[in-house]
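Notes for the one structure printed next.
Every number here is computed from the coordinates shown, using simple stated rules; none is lab data. All values derive from a computational prediction rather than experimental measurement. Cβ atoms come from the backbone with ideal geometry, glycine included; neighbour counts cover every protein chain shown.
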Amino acid sequence: MKYAYYPGCSLQSGAKEYDSSTRAVFAHLGIELEDIEDWSCCGAVHVEGEAIVTLPARNLALAEAQGLDTIVAPCSGCYRNLRRSSQAIAADKAVRKRVNEVLPDGLQLRGNINVMHPLYVILYDYGLERLRKQVTHPLAGLKVASYYGCMLTRPKDEFDSPEKPQGFDKLMDALGAEVVNWPAKAKCCGGALAISHTKVTAKLSGNIMVSAKDSGANVVTLGCPMCHTALDLYQKKAEKAMGRPLNLPILYFTQLMGLALGIAEEHLGLERHIVSTQPVFEMLQGAGA
Amino acid sequence: MANEKNPFLVEVSARPGGDRVLQCIQCGTCSGSCPVIKEMEYGPRRIMHLIQAGEEERVLSSHDMWFCVSCYSCANRCPRDIHITDLMASLREMAEEKGYAQDKGAEFGQAFSETYQHHGRMFEPELVIRYYLRSFDIKGLLGMIPLALPMLLKHKLPFWPERIKNPQNMEQICVPVKDKEEER
């Protein structure tokens, strides 16, 4: 298994721990990731018109030039943008022609590039049965609320339900964690408004964390750096908006996989979080004692 | 779909997400599904109606599309398969083009795309400087200070931008082909 790896901008700055834990987990499982050289920004939610297709398409063409046909993009926003571009190009010859007209440096996109989120690579290409056999440190003691956010499951695609997604829950079950059933798992964190309308983000992310806590969760897992920012970095603001303390550790699913697979902590970056992840270790030890 | 009496509808229909606006049956599933409906003046259902009625100024000068969080809840549930989330992005684009945009979200969007077009990748410190210089959002800036310190302590803010080899190529793939032809 070899994939083109598109880290995206966040994984180079605020979400380095998502990058390092993804690389470590994939290497541990024997899934090869080859970085797309000279990749560029996907535009996030600030891209309009034809650039919705042409901007991400540069990365598709770069992957193709490296002889790879499937891209793994850990940021849900990048995943969605790259996938949407790829689907639009595959569906319409006129779109492909237009893309090839504007691609710089003699780049051309001839074939179709598949775009996947690392969660889907684990679930559908690697397989949970295989993964179960690799778990050396089951996550007993963790009550995990799996948070999907938006772009991972919407617009509707082939991998999971946009309303009642299950992917993370199945993964967490395979890692030995207790899966919490909760109503806000597919609601929006408001990350897109984090700087321009901070109060809205605080309210939306606060609602999500209150729902997780009230459903009995002691940790939230997710697979999007923007959601992580809204739930981790903005948790103090969310506490203020909700009028109650939250103290909820927010972990990338790859960090939890790393813990369950016994991967060295130096690769997991758990010390980089704003909300302390120390309680997670205490819960795990408490269950083991 | 020529419609001389409703040029706004014709224009919207030609944009991403706009092709099925006339299919809206005003069921309200979109507004009922919207997580930011409380922040909006009209909400997606009434925006659809206003577009059908040709109310360009009311639609494009509204703040509603700037509160859209692109969560795709509305589009996912729409029984008429209208791509409402993509339409909101097109309305933001049109509001910018026609000079109606007056929301901090518009300033942020501009600052964001300027930054990634400058380097080919995002560089958060520059994004933040560009945004506050555009918006003069002093209150917002003060609110960010408690976040900046822990970010610095946790090495979550880069000091130096990551750049692609030829950032000058970004304009070519970011400015739509159509606009370029019009400029010629």
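With +1 on each Lys and Arg Cβ and -1 on each Asp and Glu Cβ, how big is the dipole of chain A about its Cα centre, in debye rounded to the nearest 20? Walk me through the numbers before you get to the answer.
Numbers: 30 positive and 30 negative charges, 187 e Å.
That gives a dipole near 900 debye.
Ranking B:M88, A:M242 by Cβ neighbours within 10 Å, fewest first, what do you get?
Fewest-to-most Cβ neighbours within 10 Å comes out as A:M242, B:M88.
Can you flag which of A:K240/B:K139; A:K213/B:K156; A:K143/A:K213; A:K156/B:K38; A:K187/A:K213 are past 21 Å Cα-Cα? All intermediate terms of the calculation are to be shown ahead of the outcome.
Working: A:K240/B:K139 17 Å; A:K213/B:K156 26 Å; A:K143/A:K213 10 Å; A:K156/B:K38 25 Å; A:K187/A:K213 15 Å.
Violating the 21 Å Cα-Cα cut-off are A:K213/B:K156; A:K156/B:K38.
How big is the gap, in Å, between the Cα center of the stretch B:39-109 and the Cα center of the stretch A:135-192?
29 Å
Rg and Dmax of the stretch B:1-56, Cα atoms, in Å?
Taking only Cα atoms of the stretch B:1-56, I get Rg and Dmax of 11.8, 36 Å.
Between B:E11 and B:E171, what FRET efficiency follows from the Cβ-Cβ distance if R0 is 25 Å, with the result rounded to 0.05? If you can, show how the numbers build up before the last one.
Working: r = 24 Å, r/R0 = 0.97.
FRET efficiency, B:E11 to B:E171: 0.55.
Tell me, B:R134, A:R96, A:R83 in order of fewest to most beta-carbon neighbours within 10 Å? Don't skip to the answer; put the middle values down first.
On the way: B:R134 15, A:R96 19, A:R83 22.
With the sparsest Cβ surroundings first, the list reads B:R134, A:R96, A:R83.
Which value does Rg/Rh take for the stretch B:112-168 over its C-alpha atoms, Rh per Kirkwood?
Values: Rg = 12.6 Å, Rh = 12.4 Å.
Radius of gyration relative to Kirkwood radius: 1.02.
With everything on Cα atoms, drop me the angle between helix A:198-214 and the longest principal axis of chain A, reported from 0 to 90° to the nearest 10.
50 degrees
Around A:N247, under 12 Å between beta carbons, what's the net of Lys plus Arg minus Asp minus Glu among the other residues? Kindly include the intermediate steps, with their values, before the conclusion.
Details: positive: A:K213, A:K236, A:R244; negative: A:D232, A:E239.
That sum, taken over residues with Cβ under 12 Å, equals +1.
Taking the Cα centre as origin and putting +1 on Lys and Arg beta-carbons and -1 on Asp and Glu beta-carbons, what dipole magnitude results for chain B, to the nearest 20 debye?
Values: 23 positive and 26 negative charges, 130 e Å.
The calculated dipole for chain B is roughly 620 debye.
So how tilted is helix B:84-97 from the main axis of chain B? Cα-based, degrees 0 to 90, rounded to 10.
Here the helix axis deviates by roughly 70 degrees.
Quick check: the angle from helix A:278-288's long axis to the longest principal axis of chain A, C-alpha only, nearest 10 degrees?
60 degrees
Among the lysines, which fall within straight-line cross-link reach of A:K2, defined as a Cα-Cα distance under 20 Å, with same-chain neighbours fewer than 8 residues apart omitted?
A:K2 reaches no qualifying lysines.
So if the hydrodynamic radius of the stretch B:7-97 is defined as the Kirkwood radius over C-alpha pairs, what does Stokes-Einstein give as its diffusion coefficient at 10 °C and 1.306 mPa s, in µm² per second?
Details: Rh = 12.6 Å.
My calculation gives 126 µm²/s for D.
Report Rg/Rh for chain B, rounded to two decimals, where Rg is the Cα radius of gyration and Rh the Kirkwood radius.
On the way: Rg = 18.7 Å, Rh = 18.4 Å.
Using Cα coordinates only, the ratio equals 1.02.
Can you give me the three principal axis dimensions of the stretch A:134-288 from its C-alpha atoms, in Å, biggest first?
Principal-axis extents of the Cα atoms in the stretch A:134-288, largest first: 43, 36, 28 Å.
What whole-number distance in Å separates the alpha-carbon centres of the stretch A:244-289 and the stretch A:228-242?
Answer, in whole Å: 18.
Using modelled backbone amide H atoms (1.01 Å from N, in-plane), which distant-in-sequence or interchain residues come within less than 5 Å of A:V115's amide H?
A:I71
From the alpha carbon gyration tensor of the stretch B:57-133, can you work out the equivalent ellipsoid semi-axes (sqrt of 5 times each eigenvalue) and give them in Å, largest to smallest?
Details: eigenvalues 129, 50, 20 Å².
Gyration-tensor ellipsoid for the stretch B:57-133: 25, 16, 10 Å.
In the stretch A:39-102, how does Rg compare with the Kirkwood Rh, expressed as the Rg/Rh ratio over alpha carbon atoms? Could the numbers behind the result be given before it?
Working: Rg = 10.9 Å, Rh = 11.7 Å.
Ratio value, two decimals: 0.93.
Can you give the charge dipole size of the stretch B:7-97 about its Cα centre, rounded to the nearest 20 debye, using +1 on the beta carbon of Lys and Arg and -1 on the beta carbon of Asp and Glu?
Its charge dipole is roughly 460 debye.
Pop the C-beta distance of B:E57 and A:D92 into the FRET formula with R0 = 35 Å and round what comes out to the nearest 0.05. Numbers along the way, then the final one.
Details: r = 34 Å, r/R0 = 0.96.
With R0 = 35 Å, the Cβ-Cβ based efficiency is 0.55.
What would the Debye formula give as log10 I(q)/I(0) at q = 0.17 Å⁻¹ for the alpha-carbon point model of chain A, no solvent?
Here the Debye-derived log intensity ratios amount to -1.39.
Between A:D38 and A:E178, what is the spin-label point distance in nm, taking each point 7 Å from the Cα along the Cα→C-beta axis?
Spacing of the two 7 Å Cα→Cβ label points: 5.3 nm.
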